[in-house]
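One structure is given below, encoded as structure tokens.
The values are calculated or read from the model by the stated rules, or taken from the named source; none is laboratory data. These figures come from a predicted structure and were not determined experimentally. Cβ: placed from backbone, ideal geometry, glycine included. Neighbour counts: every protein chain shown.
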Amino acid sequence: MNDIASIWAMLSDVPLVGSIEELMFRGGPVLWWLAIVMLVFWVLVLDRILYFFWAFPKSQHDWVLKWQQRTDRHSWYALSQRSAWLSASESGLKRSLSLMKVLVALFPMLGLLGTVTGMISVFDVMAAQGNSEPRLMAAGISMATIPTMAGMVAALVGMFVYSRLYGLAERKQLHLERLLRIHS
């Protein structure tokens with residue numbers, strides 16, 4: 001435990017880590033929830049990238065090899081086997097993509113929740129201290145704007161990444177369909 005504290009103290013001296021820590025603190029608790037949702041999103045992205053470039057090519061190679069070794073490609077059994085492979089391919093390629101789409105939609109919503117909680121904080125300060133203390137209101141205003149900005153940035157990046165992964169899944173599926181041609 002002491003090692004972790006010393007590592008954290010060392011990392012806190014790095015300007016970037018200190019400013020990230022300060023940003024997270026100023027953004028309030030909603031920013032932490034947004035960070036957790038973003039972490040889940042990026043874990044799913046990494047999972048899809050590993051699947052697309054490592055696991056799927058192995059399965060694709062096996063399916064194409066089995067298909068090319070078949071002498072009969074027109075029987076009901078052969079066509080149903082081809083259809084099963086294509087279905088398995090599509091479900092594997094598009095797994096987690098719908099969850100990623102939901103998470104991308106959740107990013108700006110969490111940012112707006114941060115706006116609401118920050119503004120509530122500002123109004124609480126105004127009710128308790130009056131309008132004469134702008135420094136006290138500044139914390140609530142930053143708590144209102146930082147999560148909104150972070151949510152929008154996360155949504156923009158997430159939409160781009162999601163659309164690229166979805167397009168890649170579609171292209172890989174189409175390529176497999178071409179490789180498993182019925183007429184050859």
Looking at region 63-110 only, could you name the residues that are among the hydroxyl-bearing types (Ser, Thr, Tyr) and surrounded by 12 or more Cβ atoms within 10 Å (Cβ to Cβ)?
89, 96
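With respect to residue 104, determine if the residue is at pLDDT below 90 and touching a Gly at 6+ places or on another chain (Cβ under 9 Å).
Numbers: at pLDDT below 90: no; touching a Gly at 6+ places or on another chain (Cβ under 9 Å): yes.
No, not satisfied.
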May I ask you to verify whether residue 159 is under 28 Å from the mean Cα position of the chain (by Cα) and of a type in the set (A, V, I, L, M)?
yes
Among (1) closer than 23 Å to residue 61 by Cβ; (2) small (Gly, Ala, Ser); (3) more than 28 Å from the chain's Cα centre (by Cα), the one test that residue 127 misses
(1)
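Assess whether residue 41 counts as being among the aromatic types (Phe, Trp, Tyr), modelled with pLDDT of 85 or more, assigned to a helix (DSSP H, G or I) and closer than 30 Å to residue 178 by Cα.
Values: among the aromatic types (Phe, Trp, Tyr): yes; modelled with pLDDT of 85 or more: yes; assigned to a helix (DSSP H, G or I): yes; closer than 30 Å to residue 178 by Cα: no.
Against the criterion (among the aromatic types (Phe, Trp, Tyr), modelled with pLDDT of 85 or more, assigned to a helix (DSSP H, G or I) and closer than 30 Å to residue 178 by Cα), residue 41 does not qualify.
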Note on region 103-151: residues closer than 23 Å to residue 36 by Cα, of a type in the set (Gly, Ala, Ser) and out of contact with any Pro (no Cβ under 8 Å at 6 or more places or on another chain) are 105, 121, 139, 140, 142, 144, 150
Kindly indicate whether any position in region 164-174 is among the hydroxyl-bearing types (Ser, Thr, Tyr), surrounded by 12 or more Cβ atoms within 10 Å (Cβ to Cβ), without any contact (Cβ under 8 Å) to a residue 40 or more places away in the chain and out of contact with any strand residue (DSSP E or B) (no Cβ under 8 Å at 6 or more places or on another chain).
no
Output the residues belonging to region 32-62 that are farther than 30 Å from residue 148 by Cβ, surrounded by fewer than 17 Cβ atoms within 10 Å (Cβ to Cβ) and either under 14 Å from the mean Cα position of the chain (by Cα) or of a type outside the set (Phe, Trp, Tyr) (or both).
50, 55, 57, 58, 59, 61, 62
Within region 130-158, which residues are surrounded by fewer than 12 Cβ atoms within 10 Å (Cβ to Cβ) and either modelled with pLDDT of 80 or more or not hydroxyl-bearing (Ser, Thr, Tyr) (or both)?
130, 131, 134, 135
